[in-house]
There are 2 protein chains.
Amino acid sequence: MELDERKKKILNAIIRNYQETGEPVGSRTISKYSDLQLSSATIRNEMSDLEEMGLIVQPHTSAGRIPTDRGYRLYVDHMLETTDREAGRQELAQTSDFLIDRMDRMEQVLKQMAKVLALNTNYASMISAPRYNRNKLKFIQLSRVEERKLLAVVVVEGNLIKNTIFEVEEQLKEEDILSLNLLLNTNLNGLTIEEINLGIITKLKEQAGGHVEVVGKVLDAVAEAIRSDDEDLQIYTSGATNIFRYPELSDSSKAREIIQVFEEKKQLTNLLTDQLGAEGQQGIQVYIGNETPVQSMKDCSVVTATYDLGDGLQGTIGIVGPKRMDYEKVVSALQTVMGQLDTMFKKEE
Amino acid sequence: MELDERKKKILNAIIRNYQETGEPVGSRTISKYSDLQLSSATIRNEMSDLEEMGLIVQPHTSAGRIPTDRGYRLYVDHMLETTDREAGRQELAQTSDFLIDRMDRMEQVLKQMAKVLALNTNYASMISAPRYNRNKLKFIQLSRVEERKLLAVVVVEGNLIKNTIFEVEEQLKEEDILSLNLLLNTNLNGLTIEEINLGIITKLKEQAGGHVEVVGKVLDAVAEAIRSDDEDLQIYTSGATNIFRYPELSDSSKAREIIQVFEEKKQLTNLLTDQLGAEGQQGIQVYIGNETPVQSMKDCSVVTATYDLGDGLQGTIGIVGPKRMDYEKVVSALQTVMGQLDTMFKKEE
DNA sequence: GTTAGCACTCAACAAAAGGGAGTGCTAACA
DNA sequence: TGTTAGCACTCCCTTTTGTTGAGTGCTAAC
């Protein structure tokens with residue numbers, strides 16, 4: 001069967017109505033509130049066809065129709081009008097502009113971004129911090145904290161900072177630390193993590209004078225700092241409790257599952273790293289129902305977007321909501337925030 | 001009316017039974033399952049008395065009784081047998097011992113501690129990181145990150161680290177930074193935040209040569225670093241979704257309220273800083289129902305404990321659960337974790 | 001191809017009925 | 001005087017039974 005223009009309009013009307021009400025929508029409703037002038041009986045025939053095509057479904061006989069996952073998929077792929085949402089975007093942009101001006105640290109910014117997103121959309125939001133293992137080392141600072149304890153501060157492009165405290169056997173003199181600092185910075189600055197290869201490491205150790213052991217430990221510490229960050233990728237979430245707004249998700253067992261994912265954050269990694277690197281339409285990815293890689297979210301839709309701060313500094317923003325979420329609004333919001341992150345980063349450069 | 005031994009026993013039996021089942025408990029149940037050999041009729045008379053005394057209440061006529069807040073209060077204050085829970089404590093101790101061995105950073109430890117606590121008790125847990133504003137500055141490190149951007153690393157007793165990046169007007173030479181570092185460290189190290197008064201600040205600025213502005217900014221940065229930590233006190237939570245285990249809390253509006261508090265964390269500050277400094281019985285504090293300072297938790301009980309790592313480095317551990325929580329188990333678990341934190345800290349010293 | 005009409009289905013709500021757990025009270029018992 | 005058996009009563013909970021109304025599919029007429 002073919003999906004003609006009229007069927008599309010009807011499907012669209014069903015999705016939009018269901019988006020607002022959360023109730024199955026009947027033929028009479030469509031007949032009354034859509035611009036095509038048709039009687040309910042005609043609509044019924046068309047709906048019957050749409051059902052046969054697997055785009056909508058009845059929860060039970062004598063109920064209205066609701067969209068299926070396939071229905072949503074069609075809608076998202078071919079029917080999204082990314083028309084003027086300017087008003088909303090402006091507002092969101094201003095809110096977050098305002099917030100960004102008042103913060104310095106990446107962490108704070110991302111936290112706030114997540115909050116703004118959740119507040120703005122009434123869905124749950126998540127943001128992964130940019131992964132910086134592809135990034136340039138900007139600065140290493142070694143200093144003594146206690147007798148035999150050193151503090152290594154590692155700063156990379158984008159001003160992400162990592163601290164590690166570690167112990168050394170030998171008791172270093174103040175000037176040793178200074179020269180080690182110099183050595184490390186002259187040799188390592190500007191390099192990506194991958195570029196710090198065995199050759200460089202050997203060279204470093206040669207030049208380190210008697211302090212081979214210390215250099216080794218420092219490099220370990222640097223590696224550790226990066227690895228540990230890679231392991232438990234920083235993820236900031238907000239608005240998980242928004243899911244209670246949607247009756248179809250708020251019965252306690254479903255809600256529990258979803259919120260648990262947000263609380264533990266581990267599983268979110270799957271969502272947030274899935275698309276890293278791949279280039280879709282502006283990096284925006286929509287998972288509907290069972291399409292999501294996280295089983296607990298099978299009753300939700302997830303929209304993610306990859307932001308790129310340059311130099312391979314990538315992270316992901318995501319929104320989780322009911323399948324009947326306002327996809328246009330969500331996509332628009334994500335784009336705004338992506339732009340925001342861009343601007344922010346350019347300011348810092 | 002007087003609360004004789006028998007009434008106490010009956011109240012105890014009611015509380016324990018209700019703890020397990022979550023259902024109002026009737027006279028027949030007590031008569032059957034408690035060690036006092038009495039008929040249900042006698043129990044009924046006693047229960048009638050207990051109700052008159054405001055310790056138990058009927059949700060409706062012809063239902064069993066459930067404890068009131070006052071009933072719980074009495075139980076917690078006078079009837080808690082902190083008897084041998086050794087089995088459970090051992091287990092908890094081992095679990096967390098194991099976990100602690102594998103971590104270095106305070107943050108990780110506290111996160112894990114929260115997780116272990118939640119897993120062990122099946123309630124929600126929270127831990128505030130030790131506040132260090134009463135603490136000694138151990139070390140300040142100033143270094144250049146970009147042309148006009150400096151990185152200040154502040155380390156305090158207990159090896160808590162704070163980073164701040166800030167801009168300066170003048171372009172500092174390398175040796176200026178070095179001497180500033182020296183200046184800052186010789187003058188500030190070993191002082192508590194409170195001890196850095198105007199006198200010291202003036203003295204610092206005098207000695208700073210031409211770099212008064214920089215010193216000012218550094219001090220601002222230091223203050224900011226501490227203030228900002230104070231503002232959004234680090235709080236680690238776990239097991240918020242455990243509240244879904246308890247039917248009396250898991251209807252969606254209540255659950256939402258409670259989980260929201262855990263998500264936003266701001267309000268948890270009230271719970272976690274309430275008792276700081278005050279010395280109760282080993283610093284353990286029990287809030288039952290309306291007693292809690294957080295309105296959204298009026299249907300819960302909250303148990304908090306203050307841990308002290310020495311040098312005024314204090315933080316708080318807390319458990320949130322239904323009013324019928326197993327207070328003994330919770331108190332015991334909190335004590336174990338407090339001990340654990342102690343040990344861990346001593347290791348680090 | 002569209003529409004009016006009609007019989008049919010079924011969730012949702014409400015009222016009615018029965019069961020049962022638990023109570024308070026009274027009277028008898030030790 | 002304290003304890004207990006007995007009994008009437010209350011009221012929640014569950015099941016049953018209608019009743020309503022939204023929505024459908026089908027058919028026949030336009």
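The values are calculated or read from the model by the stated rules, or taken from the named source; none is laboratory data. Only a predicted model underlies this, so the values are computations on that prediction, with no experimental measurement involved. FYI the Cβ positions are ideal-geometry reconstructions off the backbone, even for glycines, and counts take in every protein chain you see.
Taken over the stretch A:1-36, the criterion of being buried (at least 18 other Cβ atoms within 10 Å of the Cβ) and within 12 Å of DNA strand C (Cβ to nearest atom) is satisfied by A:10, A:24, A:26, A:27, A:30, A:31.
Close contacts from the stretch B:192-214, counting a first residue that is of a type outside the set (A, V, I, L, M, F, W, C) and a second that is surrounded by fewer than 10 Cβ atoms within 10 Å (Cβ to Cβ) and modelled with pLDDT of 80 or more, with Cβ to Cβ under 9 Å and a gap of 6+ residues or different chains, come to B:213/B:169. The residue pairs whose first member lies in the stretch B:220-241 and is in a helix (DSSP H, G or I), whose second member is at pLDDT below 65 and surrounded by 16 or more Cβ atoms within 10 Å (Cβ to Cβ), and whose beta carbons are closer than 6 Å, counting only pairs six or more residues apart or on different chains, do not exist in this structure. Based on what the data block shows, is residue A:32 over 30 Å from residue A:117 (Cβ atoms) and either touching a residue at least 60 places away in the same chain (Cβ under 8 Å) or in the same structural domain as residue A:323 (by TED's automatic domain parsing) (or both)? Criteria not met by residue A:32. Every condition in (1) out of contact with any strand residue (DSSP E or B) (no Cβ under 9 Å at 6 or more places or on another chain); (2) more than 10 Å from DNA strand D (Cβ to nearest atom) holds for residue B:43 except the one numbered (2). Taking the residues in the stretch B:59-73 that are surrounded by fewer than 20 Cβ atoms within 10 Å (Cβ to Cβ) and within 15 Å of residue B:301 (Cα to Cα) as candidates, determine which candidate is farthest from DNA strand D (Cβ to nearest atom). Taking the candidates together, the pick is B:73. Are any residues in the stretch A:244-259 touching a strand residue (DSSP E or B) at 6+ places or on another chain (Cβ under 6 Å) and either among the hydroxyl-bearing types (Ser, Thr, Tyr) or facing another protein chain (nearest Cβ under 9 Å) (or both), and if so, which ones? Within the stretch A:244-259, A:246 is the sole residue that qualifies.
Selection of helices (runs of 4 or more DSSP H) fully inside the stretch A:1-97 by the criterion of at least 3 residues being at pLDDT below 95 and on the phi > 0 side of the Ramachandran plot returns nothing.
In this structure, residue A:56 does not satisfy being within 16 Å of residue A:301 (Cα to Cα) and either outside the structural domain of residue A:245 (by TED's automatic domain parsing) or more than 7 Å from DNA strand D (Cβ to nearest atom) (or both). Remark: residue B:119 falls outside the filter, which requires a residue to be within 16 Å of DNA strand D (Cβ to nearest atom), modelled with pLDDT of 85 or more and part of a helix (DSSP H, G or I).
Residues of the stretch A:18-36 that are more than 10 Å from DNA strand D (Cβ to nearest atom) and within 30 Å of the chain's Cα centre (by Cα): A:18, A:19, A:20, A:22.
One residue alone among A:187, A:181 is at negative phi, touching a helix residue (DSSP H, G or I) at 6+ places or on another chain (Cβ under 6 Å) and modelled with pLDDT of 85 or more, and that residue is A:187. Residues in the stretch B:57-82 that are within 9 Å of DNA strand C (Cβ to nearest atom) and in contact (Cβ under 8 Å) with a residue 12 or more places away in the chain: 4 in all. Scanning the stretch A:321-338 for residues that are surrounded by 20 or more Cβ atoms within 10 Å (Cβ to Cβ) and in a loop (DSSP other than H, G, I, E, B) returns A:323, A:324, A:325. Within the stretch A:37-50, can one find any residue that is under 35 Å from the mean Cα position of the chain (by Cα) and under 19 Å from residue A:290 (Cα atoms)? No, that holds for no residue.
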